[in-house]
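These notes concern the structure reproduced below.
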Amino acid sequence: MATPKNCSKCTKGKGSFFCIGCEEYFCKKDYGDHRAMMDNELDRFIEDCNTLQEKINTMTQNKNFDSLLLTEIDNWEETIIDKVKKVAEQVREQFIKLASAKEMETKSKFEKYRQNLNQLKETGDFVEHDLKYLELTVYQLNQDLKRLNQPLEFELSQHPQTLPIWHYDAGKHQWRADDPATTHHHIKPKVQRFLRAITYNISFSKEHKQLRFQGLSSILQHSKADIICLQEMTKSILEQLISEPWVQQHYFVSDIDGSTFLNGQESYGVVMLIGKSLYLRRLLAFPFHTEQGRQLLLAEIQLKTEKLLVGTVHLESKQDKETIRSHQIQTCQSVFNKYAMNQPNVTRLLMGDFSMDAVGPENLKQMNILKNWTDLWEKLNGANNRGWTYINARVDRIMFQSLRTIPIKIRMIGMTPIGQAPKRKSFAQTISSIFSLDKKNQDMTQIFPSDHFGLMADFDLSRI
């Protein structure tokens, strides 16, 4: 006969009831409690089931969330389309103005040619030189008409080229390209009280090249400038420049072999030297609408709590390229606005060879595009100080815009002759000089580092 089991809960009563779920024996009283507990558990699951059913019913009945989201998407679509239409209309107007200006420019050149031709025909006062000039004018007009009759290409956006930041590795005795995304990423901007910037068209001329480079290198080295912007830099001069110990020791360079130059066989361009004490975030190159391989070179620098945007340009040369220069200046304005991102703590510097005199009708028109900028020469030296940096013209500029950076001084550099050379003379001039009584220095001409004078400006950063 089997031995009777006690209740598994109270251990006193006789275990007359067996639960096949938990495989335990219970007395009558505890078995009733055990079943009641399981009934309560089941009731709880039923309540949870009912709650889930209500949620599902609510979700099925309330479909407004779909329509609200779709309405929001529709509104977003309309807003974007409206913005695109407005921008497209602005671009369309600018394009029409540009095309019309090119057509008017060609017609004006033709009218001058026609008047000149009629005058020569009436007077008969012309020589071979005049015929050569007429031939050249006809060729230029044909080229202009050919361009006007071709399908016009228009880029809605210019994607900048991110340039490597070149610095000299003294251990390996070579220049090394760093990724702008990682360069200086671990360095905090240094506190700097003053900033010095230079712009200089150094002339691509091969005449007296070595002597001129020595003079240029000496000027730049002793300037101790933080930022140096150079135009008409050739590959051969660049090769010499990056070999200079003072450049290797103190500067980042935007180019070391002319790979950023865009004007083909002429092979010259703009180069920027940035002092290693500055926190250089990135270097960008923006191609211009150009016939001469011109572009905007932009450096983004962090000065403690101030962003410094520095651009250098060599705008389209020659007097009849006013329309192209206008387009290039508009590009500069757009680029600076984009990278300033409406932040108040931004200092903007745009410097270089603007290829037009600071006095004249074109300057008034072009500077209206940069109407919120300050021409530092006029601000610090006065409008009556002409400050000619080229032959009877002030074509080189430093344009400035800032709320906290204070310009202190701007002056010309490269004004001291570095040597002399015999003048080039015609046969008649040579004969005249032989019989001249005053021969002192009459056969010599002075040599300067460039056919331009450079500009050097100092800024106070104490408010940053």
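Derivation of every value follows stated rules applied to the coordinates shown; laboratory data play no part. As the structure is a prediction and not an experimental result, all values here were calculated from the model. Methodologically, a virtual Cβ is constructed for each residue, glycine included, from the backbone with ideal geometry; neighbour enumeration extends over all protein chains shown.
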Mean Cβ neighbour count within 10 Å, used as a protection proxy, ranking 251-259, 362-370 highest first: 251-259, 362-370
Charge dipole magnitude, Cβ of K and R +1, D and E -1 - the stretch 267-319, Cα centre, debye nearest 20: 220 debye
Among the listed pairs LYS209/LYS365; LYS112/LYS318; LYS83/LYS109; LYS85/LYS307; LYS304/LYS409; LYS102/LYS379, those beyond 28 Å (Cα-Cα): LYS209/LYS365; LYS83/LYS109; LYS85/LYS307; LYS102/LYS379
Computed over the stretch 242-377: relative contact order in percent, which uses C-alpha pairs under 8 Å that are six or more apart: 17 percent
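Sort 209-218, 447-456 for me by packing, meaning the mean count of neighbouring Cβ atoms within 10 Å per residue, highest on top.
Numbers: 209-218: 16.9, 447-456: 21.5.
Going from most to least packed, we get 447-456, 209-218.
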Whole-angstrom gap from the stretch 370-400 to the stretch 221-247, using each part's C-alpha centre: 24 Å
Residues in the stretch 303-332 that a label on ASN142 would reach, taking backbone N under 15 Å of a point 7 Å out along Cα→Cβ: none
Within straight-line cross-link reach of LYS206, aspartates and glutamates at Cα separation under 13 Å, skipping those fewer than 8 residues along the same chain: GLU232, GLU266, ASP451
